[in-house]
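The values are calculated or read from the model by the stated rules, or taken from the named source; none is laboratory data. All figures in this text were calculated on a predicted structure; none of them were measured in a lab. Here the Cβ is made from the backbone with ideal geometry for all residues, glycine too, and neighbour counts use every protein chain on show. These accessible areas exclude ligands, DNA and RNA; they are computed on the full protein's heavy atoms, side chains included. Shrake-Rupley method; radii C 1.70, N 1.55, O 1.52, S 1.80 Å.
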Amino acid sequence: MVLRIVMADPAGNRTAIVRTPVPANARAAAAAGIMKIADLRAEQVGFETAPRRGGEGRLEMMGGEFCGNAARSYGYLLCSERPEKRTEAGIEISGHTGLLQVTCDPEEGMSFARMPMPERLERSMEGYPLVVSEGITHMILEDLDPAPELVRDLADRYGPVYDAFGMQFLRGDRLVPVVCVAAAGSMVYESSCGSGSLAAAWYLLQKEKTGESRQAVLEFLFREPGGDIQVRLVRDGEGGLTGYMGGKIRLEQEQELDLALPL
């Protein structure tokens with residue numbers, strides 16, 4: 001099967017956006033094949049599908065998970081194709097039940113997604129914070145290094161429990177993300193992670209007990225292996241929070257791949 005793909009690079013978290021319709025039962029094989037192509041350096045794969053809820057487009061991730069970087073990449077791609085040079089796109093993405101707004105600045109090569117906010121904070125059996133969000137749960141590991149034995153142990157324990165499970169190794173403003181997706185059977189040391197960055201910012205807000213502060217806008221910058229991710233938490237008049245995540249992004253020219261898929 002010949003697949004049309006566009007590679008997006010949001011802070012190094014290289015995302016293959018497959019534009020050719022691929023049957024649901026063949027997406028896992030297609031994603032595995034794409035991620036094996038060394039020249040692409042893809043960390044994840046999303047499949048463009050027909051919208052279900054009135055969005056301008058829909059992206060189904062390879063394991064049905066939510067991914068903030070993929071969302072802002074797809075929104076940026078749709079904005080770049082509009083002849084009127086629109087700077088906003090309302091998209092749908094797996095792991096999220098509503099529309100997700102992406103704001104783009106083509107001249108600066110930036111895109112930001114309005115993110116679904118975390119639902120609650122839990123603790124693992126080891127006492128690590130677990131930020132539970134729609135579509136993905138992130139474990140925040142402060143002042144710890146991503147030692148292979150620790151990563152594998154946590155992946156074995158928690159990877160099968162959640163549709164998508166992230167480990168966010170946080171040391172100051174440095175963040176190293178590792179993400180497991182159960183349906184895809186994958187564990188990836190990611191160059192950056194959008195939902196993990198938002199989870200880390202939200203956790204720090206709770207930890208420092210500034211959640212009750214009346215400060216209207218809180219800014220966070222996380223330096224990740226592939227680049228910087230910015231998070232902005234905006235408080236409304238009633239104390240509710242809205243989260244935005246984004247930063248630099250780059251799109252490559254569309255290309256075609258010929259993959260053998262079980263159809």
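The table below lists the values:
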item	result
Heavy-atom accessible surface of segment 1-135: percent carbon and sulfur, 1.4 Å	50
Accessible surface of Glu108 - all protein chains present, 1.4 Å probe, nearest 10 Å²	100
Tyr244, Tyr74, Tyr162, ranked by accessible area, largest first (probe 1.4 Å)	Tyr244, Tyr162, Tyr74
Given (1) 54, 37, 32; (2) 54, 44, 34; (3) 52, 46, 30, the label whose value is Cα extents along the principal axes in Å derived from this model	(3)
Solvent-accessible area of Lys248 with every protein chain in place, 1.4 Å probe, in Å² to the nearest 10	120
Fully extended contour minus Cα-Cα distance, from Glu81 to Val161, at 0.36 nm per residue	24.9 nm
Gained length - Thr20 relative to Arg171, 0.36 nm times residue gap less alpha-carbon distance	50.3 nm
Rounded D (µm²/s) - segment 18-105, Kirkwood Rh over Cα pairs, Stokes-Einstein at 20 °C, 1.002 mPa s	160
Full-extension gain in nm, Arg120 to Gln255, via 0.36 nm per residue minus C-alpha separation	44.5 nm
Surface per residue (accessible, 1.4 Å probe) for the chain, Å²	44
Förster radius 35 Å - calculated FRET efficiency between Arg41 and Asp236 (Cβ-Cβ, nearest 0.05)	0.30
Burial ranking of peptide ranges 56-64, 92-100 (average Cβ count within 10 Å, highest at the top)	56-64, 92-100
